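First comes the structure, then the notes that go with it.
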Amino acid sequence: MQSRSKLKEKTGQALKMLESCSLCPRKCNVNRLKNELGFCKTGLKAKVCSFMPHHGEEPPISGSRGSGAIFFSNCNMACVYCQNYKFSQLQEEGREVSPEELAGFMLELQNNGCHNINLVTPTHVMPQILQSLVIAIEKGLKIPLVYNTSGYELVEALEILEGIVDIYLPDMRYADNNMAIKYSSAPDYPKYNRQAIKEMYRQVGVEGLIIRHLVLPDNISGTDKIMRFISSEISKDAYISLMSQYSPYFKATGIKEISRRLLLEEYENAKTIMEKYGLHNGWTQDSGGLERFAGVNIKSNI
Ligand code: SF4
């Protein structure tokens, strides 16, 4: 973690980005300091849905005492199959919190023995998170920070996090722009996502990066292109979490090609692709482990 003065300086820099919001690739240019709302429907204050010790993340993140997950409401993507749609898109759960309150959640999770603070969907509230960190660190927060993101990120925003985030946990969701638009309303996701993964790797190397790849039905996620990118432009030693847990939540029930769960052979094919590109680190979800990451078990709605 960086010095207090450096963290404060970076917080100021991040807050400035809210004035004409350009925190993520959407660049809505709304003034969030005045509570104007862009795509992510979030104004000046962060909105939190829940926080709790989470035991369903990848083993090194959950450890034995759980990862201290903080679930932020709203999102800069709009996935038609989102399992958290009630708080990510419909604004049905969660409430606005002050920086002091958010800092308090972090400290409570640390006091509960959690191994880390796991910021779930943090992109659109990164400056608010930094504001809270300043307070939490002053009050004794010591555990590592996990940045758990859909990966629709801007390098300029990630650069601010250098030396602050310990572990990046990004998705690589799509290799094809048309798919990203159709299923997540996220134009140019592949381009921004790849730039973001490179920046994260530059900051934290192999040891601080776990790339999640959710295998979607009908090869919508473009597994081959994504694994080729990781193997050739990141590292063959990169840690990958290959996820088979797709289920048709939310609008996906009405979209034929994604209205079913993943077939076993589709997942097996994704594993073969990983092997083909020499990617050998990480986690797969076999039938016994299928429940390991499946579903978010929210216990402490606020
Ligand atoms: S963080 Fe929200 S308001 Fe800012 S650019 Fe992204 S979607 Fe738009």
Discussion item. Computing the accessible area with a 1.4 Å probe over protein heavy atoms, can you report the carbon and sulfur percentage for the chain?
Written reply: 48
Worksheet item: Using modelled amide H (1.01 Å from N, peptide plane; none on Pro or chain starts), what sits under 5 Å from the amide H of ALA186, excluding residues fewer than 5 places away?
Response: ILE181
Item to complete: Could you check how many percent of all C-alpha pairs in the chain are farther apart than 30 Å?
Response: 27
Worksheet item: How much length is gained on full extension from VAL206 to LYS236, taking 0.36 nm per residue of separation minus their Cα-Cα distance?
Response: 9.8 nm
Practice prompt. Please give the calculated 222 nm ellipticity per residue for the chain, where each DSSP H segment of at least 4 residues contributes -39500 (n - 2.57) and the sum is spread over every residue; nearest 500 deg cm²/dmol?
Written response: -9500 deg cm²/dmol
Worksheet entry | For q = 0.18, 0.24 Å⁻¹, Debye-computed log10 I/I(0) when each Cα of segment 66-167 counts as one equal scatterer | -0.88, -1.41
Worksheet item: So how exposed is THR11, as accessible area in Å² (1.4 Å probe, rounded to 10)?
Response: 10
Discussion item. Modelling each spin label as a point 7 Å along the Cα-to-Cβ direction, I'd like the GLU257/GLN13 distance in nm, to one decimal.
Written reply: 4.1
Practice prompt. Using the heavy atoms of the protein chains and a 1.4 angstrom probe, tell me the accessible area per residue for the chain in square angstrom.
Written response: 41
Worksheet item: In debye to the nearest 20, how big a dipole does the chain give about its Cα centre with +1 on each Lys and Arg Cβ and -1 on each Asp and Glu Cβ?
Response: 540
Fill in: Those lysines that a straight Cα-Cα span of less than 21 Å connects to LYS236, excepting residues fewer than 8 apart in one chain
LYS191, LYS198, LYS225, LYS271, LYS276
Worksheet, complete the sentence: In degrees, nearest 10, the alpha-carbon axis of helix 126-138 is tilted away from the dominant principal axis of the alpha carbons of the chain by 60
Worksheet item: Computed from the mean reciprocal separation of all distinct C-alpha pairs, what Kirkwood hydrodynamic radius does segment 154-294 have, in Å?
Response: 15.6
Discussion item. For a test of the definition: using alpha carbon positions, the gyration tensor, and the 1.5 limit on a/c, classify segment 1-135 as rounded, prolate or oblate.
Written reply: oblate
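The values are calculated or read from the model by the stated rules, or taken from the named source; none is laboratory data. Computed from a predicted model, the values in this text were never measured in an experiment. All Cβ positions, glycine included, derive from the backbone under ideal geometry; neighbour counts span all protein chains shown. Heavy atoms of the whole protein, side chains included, go into the accessibility calculation; ligands, DNA and RNA do not. Shrake-Rupley method; radii C 1.70, N 1.55, O 1.52, S 1.80 Å.
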